[in-house]
1. Given the structure, is Ala191 within 28 Å of Thr115 (Cα to Cα), part of a helix (DSSP H, G or I), touching a residue at least 24 places away in the same chain (Cβ under 8 Å) and in contact with a Ser or Thr (Cβ under 7 Å, 6 or more places away or on another chain)?
2. When you scan the range 212-222, do you find a residue that is of a type in the set (Ser, Thr, Tyr) and either touching a residue at least 60 places away in the same chain (Cβ under 8 Å) or part of a loop (DSSP other than H, G, I, E, B) (or both), even just one?
3. Just checking, which of Ala184, Ala148 is of a type in the set (Gly, Ala, Ser), assigned to a loop (DSSP other than H, G, I, E, B) and either touching a residue at least 40 places away in the same chain (Cβ under 8 Å) or closer than 17 Å to Ile5 by Cβ (or both)?
4. If Ser168 meets every condition in (1) modelled with pLDDT of 95 or more; (2) over 24 Å from Ala271 (Cβ atoms); (3) in a helix (DSSP H, G or I); (4) touching a helix residue (DSSP H, G or I) at 6+ places or on another chain (Cβ under 7 Å) apart from one, which number is that one?
5. Assess whether Arg229 counts as being surrounded by fewer than 22 Cβ atoms within 10 Å (Cβ to Cβ), assigned to a strand (DSSP E or B) and not β-branched (Val, Ile, Thr).
6. Restrict the check to the range 5-23 and report whether at least one residue is touching a strand residue (DSSP E or B) at 6+ places or on another chain (Cβ under 9 Å), part of a loop (DSSP other than H, G, I, E, B), at pLDDT 95 or above and not small (Gly, Ala, Ser).
7. Looking at the range 232-258, which of its residues are over 30 Å from Val169 (Cα atoms) and assigned to a helix (DSSP H, G or I)?
8. Quick one: is Gly175 among the small types (Gly, Ala, Ser), under 25 Å from Arg40 (Cα atoms) and touching a helix residue (DSSP H, G or I) at 6+ places or on another chain (Cβ under 9 Å)?
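The values are calculated or read from the model by the stated rules, or taken from the named source; none is laboratory data. Here the structure is a predicted model, which is why all the values come from computation and not from measurement. Cβ sites come from the backbone with ideal geometry, for glycine too, and all protein chains shown count toward neighbours.
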Amino acid sequence: MSWLITGAGGMLGTDLAVRLDGAVALTRSDLDLRDPVAVREVIERHRPATVVNCAGWTAVDGAETDEDAALAVNGTAVGGLADACADTGATLVQISTDYVFDGRGVRPYAEDAPTSPVNAYGRTKLAGEQAAAKAGGYVVRTAWLYGAYGPNFVQTMMRLAAERDTVSVVDDQFGQPTWTGDLADQIVALARSGAPHGVYHGTSAGRTTWYGLAREIFTLLGLDPGRVRPVSSAAFPRPAPRPAYSVLGHDRWAAAGLSPIRDWRDALRAAWPALR
């Protein structure tokens with residue numbers, strides 16, 4: 001199976017490229033997804049069997065102040081990529097987000113749960129999901145990513161642990177910390193499996209808050225987790241509202257005969273040597 005990865009300079013794209021020796025791995029400087037002519041030329045030249053789109057506008061607060069620019073990358077550009085994939089027979093794997101949901105849930109969101117984004121970033125990513133549907137393929141929603149190849153919450157906590165006596169962290173947002181290494185493995189397994197096309201949730205099992213994750217990081221650093229202090233989201237006002245509950249269900253993996261990603265604590269411990 002031949003692969004093409006867009007956004008290959010980011011955390012997830014880099015982990016995918018590491019796992020897929022020989023894949024065509026394109027960074028943002030290699031390919032601007034907003035240029036449909038260039039996108040089509042690349043797809044037609046390489047004729048990949050599978051395209052994984054890891055590229056996107058990820059600045060959540062920036063999207064709130066410039067939704068049109070975010071939509072151009074997360075929505076409109078995906079449509080051009082989907083068209084090129086459909087015309088060449090490539091399977092598109094579109095990476096999406098928990099932000100397509102409103103965060104008011106009390107139990108894990110199923111893959112077919114109604115979407116209702118509460119911020120511009122979520123709206124633009126939902127537009128990308130809808131555009132990707134033109135090519136069939138897969139939409140993989142993920143959340144709370146960390147990894148070895150880009151800035152993320154785990155690295156921030158490591159830095160703050162060395163700089164401050166105490167760290168205040170939000171304790172009223174629930175989600176699933178997900179290692180990009182695990183997600184990359186899951187995407188590869190999904191595309192190779194021949195599983196039915198559709199939406200899959202690529203997040204770790206279990207759930208915690210940012211505060212709970214920070215305590216686990218301090219523990220792995222050999223530090224007192226009591227140095228992490230819980231606060232509400234109101235302590236860190238942001239331009240874009242964040243979903244309070246971002247726990248995603250994983251039933252579709254079992255239905256496809258695949259195992260979901262492991263528990264977030266086990267994943268963090270497995271990732272730890274690469275993160276240090």
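1. So Ala191 fits the description; yes.
2. Checking the range 212-222: not a single residue is of a type in the set (Ser, Thr, Tyr) and either touching a residue at least 60 places away in the same chain (Cβ under 8 Å) or part of a loop (DSSP other than H, G, I, E, B) (or both).
3. Ala148
4. (3)
5. yes
6. Yes.
7. Correct list: Asp251, Arg252, Trp253, Ala254, Ala255.
8. no
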